[in-house]
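Worksheet: the structure to be examined is printed underneath.
The values are calculated or read from the model by the stated rules, or taken from the named source; none is laboratory data. Remember, it's a predicted structure, so these values are computed and weren't measured experimentally. Neighbour counts are summed over all protein chains in view; Cβ atoms, including those assigned to glycine, are modelled from backbone coordinates with ideal geometry.
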Amino acid sequence: MDLLDTLVAKGLRRELPTREEALAVLATSDDELLDVVAAAGRVRRQWFGRRVKLNYLVNLKSGLCPEDCSYCSQRLGSQAGILKYTWLKPDQAAQAAAAGVAGGAKRVCLVASGRGPTDRDIDRVADTIAAIKGQNDGVEVCACLGLLSDNQAERLRAAGADAYNHNLNTAGDKYADICTTHDFQDRVDTVQQAQAAGLSACSGLIAGMGESDADLVDVVFSLRELDPDSVPVNFLIPFEGTPLAKEWNLTPQRCLRILAMVRFVCPDVEVRLAGGREVHLRSLQPLALHLANSVFLGDYLTSEGQAGQADLDMIADAGFEVEGTDRTTLPQHRTDAAEAAASGHGGCGPCGGEASACGSEASAAAEPVAAAEPVTAGAARTDLVQVRRRGAGTDLPPNA
């Protein structure tokens, strides 16, 4: 396909495709799917080889959030039967993180529900970062605490945080449809605050919320312009008890096309296979490794992932290797640019153009699940949505 040849050439040059080309990827047929995966896989291998970075989530505070994000099981008014607890103590969080690190994770993501942290919360997280890093040499810590206030990003960096996550989630024009308690620009501002403080920015999207192809392209282009170092691609988990409980819009094939589009638009950025992959990609998860170079290991914030060992087996069986702490995830040009930006010596220009245009969870395994009845092709697997009942905030060992 001429389209794929063009996109591969652009990806190898770190050149931004047109919106029309990105839309065309999402419009390809199932007959063309393996060609799309192969093409985007060439771009992925150019910048990341066959390495897969493992990340592990620790939910520091679960539920009872005052925000009304429609997709979230922790939202205001949520009837989802999730775990609810207040802040974990630093030693509890460090113990939870240790399971992920033992499973091969090189980054621990510390997440807390809420609109944003108080200054006391920043102190709690600083103590938690110290506890985790004191036990694990070389581990990266990413904080995800919501909207940041003045100087909080700087305090997190001083405490040893390496990165900050705050997802854009969907297109700016669609944002008011999924949340009314803050807006799209609030999210952009928080990512930029993290970048200005010298933290590695992590920002991504959620697919499957009823958005159009144009909405998907819009949010990915917004991410490219914002230039995060990592882009998590989440697939909506339609929890019962949330406004989007009936939004079953994704097939495994569409998920792969979305991941390919993200890779073409953000060729040299860490693309992370995140929440919902087990529910929506199902047996096609190994193909997604040809597109994403990073995955979450084990369980998520409020839902269970597949057994951690199954993830490790999948990576090995697909011919990929787990990235160690001795390797730098990002290509050298992005690493150099990030160091320069952090020291105040200029922007990045990682896409071969102007800086303004660039962008870019081992412990207990999961409980066995009873065999499901065969499903019709394209049907949603609602039986795969399992609320997390183990790990952080419980007395049960985590899955990693």
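Listed values, structure above:
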read-out	value
Check on D177, acidic (D, E) and over 24 Å from R19 (Cα atoms)	no
Complete set of residues in the range 212-245 that are assigned to a loop (DSSP other than H, G, I, E, B) and more than 13 Å from S70 (Cα to Cα)	S212, D227, P228, D229
Residues of the range 187-245 satisfying the condition of being more than 13 Å from the chain's Cα centre (by Cα), farther than 20 Å from I258 by Cβ and hydrophobic (A, V, I, L, M, F, W, C)	V188, V191, A194, A196, A197, L199, F239, A245
Top-ranked residue in the range 256-273 [being charged (D, E, K, R), in contact with a Lys or Arg (Cβ under 7 Å, 6 or more places away or on another chain) and not in a loop (DSSP other than H, G, I, E, B); ranked as surrounded by the most Cβ atoms within 10 Å (Cβ to Cβ)]	R263
Test result for V219, touching a Leu at 6+ places or on another chain (Cβ under 6 Å) and modelled with pLDDT of 95 or more	yes
Qualifying helices (runs of 4 or more DSSP H) (wholly inside the range 274-342; at least 3 residues being surrounded by fewer than 18 Cβ atoms within 10 Å (Cβ to Cβ))	308-317, 332-342
Meets criteria (within 19 Å of Y300 (Cα to Cα) and crowded, with 20+ Cβ neighbours inside 10 Å) for V231	yes
